[in-house]
Amino acid sequence: MGCICFKSLRLKPPPSITSTVVDSQDDDDGDDGGQYPLIFREFSFEQLRIATDGFSPGNIVSEHNEWVPNTVYKGKLGDGRRIAVKRFQRLSWPDPFQFIKEAEAVGRLRSEHMANLIGYCSDDSERLLVAEFMPNSTLSKHLFHWEKRPMKWQTRLKVALHTAKALEYCNDKGINLYHDLNPYRILFDKVGNPKLSCFGLMKNSHEGKNHSTNVAFAPPEYLRLVDSALDGQFSDEDRTELMHIASRCLKTEPEERPSIRFLMSTLSRLQRRAELWPTSVKRLMPSSSNKKTKHATEPLKLTPFGDACLRADLCTMHELLEKLGYGADDDVISNEFSFQMWTGEMQENMDHKNHGDAAFRAKDYDTGIEFYTEFMYGAPTVSPTVLARRCLCYLMTEMFSEALSDAMQAQVASPEWPIPLYLQAACLFKLDMEAEAKEALRHGSALESY
């Protein structure tokens, strides 16, 4: 399983050796927080030496041993941009023109599902690649070396789906081989989204000969031992279907393997089911026997916020949620923080919340997500308003599944508050689940009436 092959390679004319500015139509899939343009260019060896503190061992972020001779370092450019630098062993690419040709081909790719290549260095016998830096480590660490909690089933499906989307994008752009696909090649950005490393699109080379390094084998019975830490997070049907797909991907005959589009369709369906497992949206909502719930045939009487959610008017939703401020269910949290702040233990965490609120007011949704997430990691209890605000931030950045999860958690934290139900409706409309969205609106309206 040394590389992933899709179909016959479509050869293109060799690119020029000069630096390449990515075309605008390919650049809208990736960014670096909106601060730096994704321009592919040539770096000098001295620039990368300075950026990595002289290729300091303390900056190594890759697995490194005799079987994995090339090393990846984290670094920072003079303008503050964080980068990942892959330094090849000497004699890996004796032909500099071949190295530059392949680097420029990969450098043209721009996908939101990849850690994109932004440059290279070919200086004497040195060969280096420069990519976007992903701060939240590799899939390998989250799968095999977790400290607090194992990776959830839903997240694992998300990793598989995003990887399939990245591979499909590469295939569509005429690059049909991905070398050494393994857990170290999947990285996570600042908000936890999985990204496929662009480094795997460059062949491993030694003295001009291409090779792959991860010839892996697992006995068939191993595929039946799902991680015990995932117990209760999926149905038997979903487990069986995923294992069946995995076994088909390992077929030696190309016609027996599923297409990338089939994989994406299946994984999308599995992920959607995982989002609502084991508690479905309807199970979270009040039952029909609840006295506060009116009959479904009665017309909806929606407040302005409920109406904005029905129309998926995100700007109006933001305006109204900002005016709403923090409610009674957050008073307990504030009191808990007051004591802890008096002891000096939680001041920094409260600062995260305040920074998140400031970003929310300024409509800087990516920053809002980052600070609210930091706040919730250290909060003594759940804040339904913070969850609601982060939910809207996710909606604004088209992360609809994450938004739905926050809305559902907010409802659990504050069952009598209608806002989480309205937010669920907006999320479900975005996920093309219209019937469930209308049900959420109905229950939100019923709560508002009492």
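The values are calculated or read from the model by the stated rules, or taken from the named source; none is laboratory data. Computed from a predicted structure; not experimentally measured. Cβ coordinates were reconstructed from backbone atoms using ideal geometry, including for glycine residues, and neighbour counts include every protein chain displayed. Surface accessibility is based on the protein's heavy atoms, side chains included, excluding ligands, DNA and RNA. Shrake-Rupley method; radii C 1.70, N 1.55, O 1.52, S 1.80 Å.
Of 120, 377, the residue with the largest accessible area leads and the full order is 377, 120 (1.4 Å probe).
For residue 119, the residues 5 or more places off, or on other chains, whose built amide H falls under 5 Å of its own are 41, 130. Shape of the range 347-428 from its Cα gyration tensor (a ≥ b ≥ c, root eigenvalues): rounded if a/c is under 1.5, otherwise prolate when a/b > b/c, or oblate? The shape class here is oblate.
For the range 381-450, GluC sites (Glu not before Pro) are listed when DSSP marks them as loop and at most 11 other Cβ atoms sit within 10 Å of their Cβ; the list is 398, 416.
If you wrap the tightest convex hull around every Cα atom of the range 65-206 and split its volume per residue, you get 121 Å³.
Ligands, DNA and RNA aside, residue 432 has an accessible area near 130 Å² when probed at 1.4 Å.
Label positions at residue 300 and residue 250, each projected 7 Å from the Cα along the C-beta direction, are separated by 4.7 nm.
The ratio of the alpha-carbon radius of gyration of the range 74-124 to the globular-protein estimate 2.2 N^0.38 Å is 1.27.
A Förster distance of 41 Å, applied to the separation of the beta-carbon atoms of residue 326 and residue 141, puts the FRET efficiency at 0.70. Measuring with a 1.4 angstrom probe and ignoring ligands and nucleic acids, residue 144 comes out at about 130 Å² accessible. Which entries in 76/430; 251/430; 101/173; 148/430; 74/173 show an alpha-carbon gap greater than 26 Å? Going by Cα-Cα distance, 76/430; 251/430; 148/430; 74/173 fall outside the 26 Å limit.
Full extension of the chain between residue 44 and residue 79 yields a length gain of 11.1 nm, computed as 0.36 nm times the residue separation minus the alpha carbon distance.
Sequentially through the range 117-124, phi angles give Karplus couplings (6.51, -1.76, 1.60; θ = phi - 60°) of 7, 10, x, 8, 9, 10, 10, 6 Hz, Gly and Pro residues having no value and appearing as x. Could you pull the accessible area for residue 273 with a 1.4 Å probe, rounded to 10 Å²? Using a 1.4 Å probe on the heavy atoms, I get roughly 100 Å².
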